Amino acid sequence: MFFSLSVGWGCLIMFASYNKFRHNCYRDAMVVSSLDTITSVIAGFVVFSVLGEMARELGTDVSQVVKGGPGLAFIAYPEAVGFLPVPQLWSVIFFFMLYTLGLDSEFALLECVMSSLTDQFPPLRRNKFYFTLGFCIFCFLVALPSTTHGGQYVWGLMDKYGGDFAVLLIAFFEIIALMWIYGFRNFSQDIYAMLGHKPGIYWIVTWVAIAPILIILVFIAAMFFYKPLILEADVYYPPWSDGVGWLLALLSMIQIPLWAIIMTLLQKGDTLLDKIKMACTKNDHFDHRLRKHEHDTDAVAMVPTTKMTPGYDNPSIKF
């Protein structure tokens, strides 16, 4: 889910930010996650059936056919396509699928970063074309080392440390901040203000307890079973490369505690405890936004305000 659905990467939040205030995000979440699960299951049948046939042809075990990574897409699967009728056609379709898969992922990740920057620095919006062009050129130059003879080493380093441990820890802190610091009651009331109904007990229990426990257990297991990076069976990375990899992972993971400390120190208060309380207290900014959209019914998927009744103690509902 973290890689197929981009959970914890910010892309889903970025796309959702373009919706109307009362857009039925619950329906979208159910549809997108269900389709993602179904697609993953179908892809699993396709991949392992092909690998099983290759293992039968070679007279070996499936685990010995190919390891995960680029070898699966660019070595094992092209060989398997060669056994099909009209292999040229299937080869074109297969690599076109890989191209579109990478392209749409790049759209989402690129727009996620650019939306964050343009929201933080509004003057960039006035020059969106040049900003986008410059950022794409920058990403192109940064990716050039991956096309060299040692590119596979660079790719392996970024793949393992850039999105393995970091995304688990980021997702854990996201759900803790939202459900335990902001509070699941406030979050449920926000959903009620947008959709006209509150999430059920299943979602509350999942968000508050099950999801963070599972995420942190997976993270601990990944750390416990951690092994130095290996490119192939007998090809090891040099020891210093693991240090570079952990620096790459910390570059994203350190942002959460770093900015938590900075925002806490910037709060008003006589003592450190007062500053921490202020940093964890909801301000009126979001409530004003709810008042602004209270009677907004111009979208097709919006919930009529006549179906809404006050709940909890959200001042925006009583306004």
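The values are calculated or read from the model by the stated rules, or taken from the named source; none is laboratory data. Bear in mind the structure is a predicted one, so any value in this text is a computation, not a measurement. Accessible surface is based on the protein model in full, side chains and every heavy atom, while ligands, DNA and RNA are left aside. Shrake-Rupley method; radii C 1.70, N 1.55, O 1.52, S 1.80 Å.
Data table
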{"item": "Segment Thr37-Thr132, extension gain: residue separation times 0.36 nm, minus the distance between their alpha carbons", "result": "31.0 nm"}
{"item": "With all protein chains modelled, accessible area of Asp119 [1.4 Å, Å²]", "result": "100"}
{"item": "For Leu141, solvent-accessible area (1.4 Å; no DNA, RNA or ligand), Å²", "result": "100"}
{"item": "Accessible-area order (highest first, 1.4 angstrom probe) of the listed residues Tyr153, Tyr226, Tyr77", "result": "Tyr153, Tyr226, Tyr77"}
{"item": "Val31 - accessible surface, heavy atoms, 1.4 Å probe, Å² rounded to 10", "result": "80"}
{"item": "Accessible-area order (highest first, 1.4 angstrom probe) of the listed residues Lys160, Lys277, Lys128", "result": "Lys277, Lys128, Lys160"}
